[in-house]
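Taking it in order: structure first as structure tokens, then the write-up.
The values are calculated or read from the model by the stated rules, or taken from the named source; none is laboratory data. The structure displayed is predicted, hence computed values, not measured ones. All Cβ positions, even for glycine, are placed from backbone atoms using ideal geometry, and neighbour counts span all protein chains on display.
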Amino acid sequence: MFNPSKLVVTMHDCVHLLFPHEDSSKFQNYRSYLQTKRVVESAKHVLAVSKSTKEDLINIFELPESKISVVHNALDERFAFAHNPEERKHVLERYQLKDPFVLYSGKIRPHKNLHRLIEAFAVLKSELIDDDKYKNLKLLIIGDELSKHQYLRLTVIRSGAQQDVRFFGFVPYPILRVFYQSAALFAFPSLYEGFGLPPLEAMANRTPVIASNTSSLPEVLDDAAVLVNPENVFDIARGMKLILYDEVLRQKLIHKGIEQVSKFSWKLAAQKVLQIYGLVTASRRRVVAAV
């Protein structure tokens, strides 16, 4: 008997190779590369969560395309839309959120590009200074505590946005869902994603999204989001302003976002995985029988 799970591995991304941790040494990065290389080369088949990740595996490890299958992620059911005005009012009062806000949710790592998001937000604020609706616009960043990321604190100070940028640590799913539903827009200018679930979470909660035009995000979001150059602060600011002021576009993004979320299903993903395991198992048995 053999265990087919040992013959199939899943790769969510190659971020540890393309954007290694800032505290890791060259030796540690190379060791990580060798370990990953050994795993994907020894596997009978590799599952990638996006076409983008599949391309990374081919480019980095020179794996044959036939060895990799794409099985997309899907939304956590805890982020399904739930209309609860009383809960929403309670959460916003608890966190003292009275002004409109731009929301980011996710890990805080350099490749998430939050320093440029903060700079773009400062550019946007300078253009809204006389706007009655958005002159008090805030930026909310959900992730690690700010004390762990001093470079972001310095970015906030340099940009002059100290009064308008708020950092939160981890928040429970019900509260994060309220944040999604209450945001003027969700911003996700990441430099690299293997898949990118947070934008889909925002879309599921009826919030328009601006995201990067790089890595897996165009594949996952398609035309349901405003896609911008994540390395251009002014392009990020332009995209945010476009969503805030173009009501027709805003409603279009909300409706397309709901449709986009429905394209990804854990049931479909499970069916694909079972199919692949079946093929791998059958192939393995044929080899054993031949021997």
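Every listed requirement among (1) in contact with a Phe, Trp or Tyr (Cβ under 7 Å, 6 or more places away or on another chain); (2) not in a helix (DSSP H, G or I) is met by residue 37 save one, (2). List the number of the failed condition for residue 30; all other conditions in (1) closer than 26 Å to residue 262 by Cα; (2) exposed (fewer than 15 other Cβ atoms within 10 Å of the Cβ); (3) outside the structural domain of residue 197 (by TED's automatic domain parsing) hold. It fails just one condition, (1). Where strands (runs of 3 or more DSSP E) sit wholly within region 135-229, those with at least 1 residues that are without any contact (Cβ under 8 Å) to a residue 40 or more places away in the chain occupy 138-142, 165-168, 209-212, 226-228.
Within the set 173, 192, the sole residue that is at pLDDT below 95 and hydroxyl-bearing (Ser, Thr, Tyr) turns out to be 173.
Is region 7-26 home to any residue that is part of a helix (DSSP H, G or I) and aromatic (Phe, Trp, Tyr)? Scanning region 7-26 turns up no residue that is part of a helix (DSSP H, G or I) and aromatic (Phe, Trp, Tyr).
Listed conditions (1) assigned to a helix (DSSP H, G or I); (2) out of contact with any Phe, Trp or Tyr (no Cβ under 9 Å at 6 or more places or on another chain) are all met by residue 258, apart from (2).
The single condition among (1) free of Cβ contacts under 8 Å to residues at least 40 places away in the same chain; (2) surrounded by 18 or more Cβ atoms within 10 Å (Cβ to Cβ) that residue 56 does not satisfy is (1). The set of residues from region 245-257 being of a type in the set (A, V, I, L, M) and within 17 Å of residue 196 (Cβ to Cβ) comprises just one member, 253.
Within region 42-59, being out of contact with any Phe, Trp or Tyr (no Cβ under 8 Å at 6 or more places or on another chain) and not small (Gly, Ala, Ser) holds for 44, 45, 46, 47, 51, 54, 55, 56, 57, 58, 59.
Of the residues 213, 205, 229, the single one that is of a type in the set (S, T, N, Q), over 18 Å from residue 103 (Cα atoms) and out of contact with any strand residue (DSSP E or B) (no Cβ under 7 Å at 6 or more places or on another chain) is 229. Among the residues of region 108-129, just one is without any contact (Cβ under 8 Å) to a residue 12 or more places away in the chain and either under 30 Å from residue 17 (Cβ atoms) or in a helix (DSSP H, G or I) (or both), namely 126. Could you please find all residues in region 43-63 being assigned to a helix (DSSP H, G or I) and either touching a helix residue (DSSP H, G or I) at 6+ places or on another chain (Cβ under 9 Å) or under 13 Å from residue 216 (Cα atoms) (or both)? Listed by number, the residues that qualify are 51, 52, 53, 54, 55, 56, 57, 58, 60, 61. Looking only at residues of region 236-257 that are touching a residue at least 60 places away in the same chain (Cβ under 8 Å) and of a type outside the set (Lys, Arg), we find that the one that is surrounded by the fewest Cβ atoms within 10 Å (Cβ to Cβ) is 244. When you scan region 189-199, do you find a residue that is farther than 14 Å from residue 76 by Cα, in contact with an Asp or Glu (Cβ under 6 Å, 6 or more places away or on another chain), small (Gly, Ala, Ser) and surrounded by 15 or more Cβ atoms within 10 Å (Cβ to Cβ), even just one? Checked region 189-199: at least one residue is farther than 14 Å from residue 76 by Cα, in contact with an Asp or Glu (Cβ under 6 Å, 6 or more places away or on another chain), small (Gly, Ala, Ser) and surrounded by 15 or more Cβ atoms within 10 Å (Cβ to Cβ). Let me confirm something: among 115, 149, 111, which residue is surrounded by fewer than 20 Cβ atoms within 10 Å (Cβ to Cβ), closer than 16 Å to residue 160 by Cβ, within 23 Å of the chain's Cα centre (by Cα) and of a type outside the set (Lys, Arg)? Just one listed residue meets the conditions, 115. Of everything in region 73-105, what is within 27 Å of residue 269 (Cα to Cα), out of contact with any strand residue (DSSP E or B) (no Cβ under 6 Å at 6 or more places or on another chain) and outside any loop (DSSP other than H, G, I, E, B)? Give them in sequence order. Correct list: 77, 78, 79. Taken together, 84, 73 contain a single residue that is at pLDDT 95 or above and among the polar types (S, T, N, Q), which is 73.
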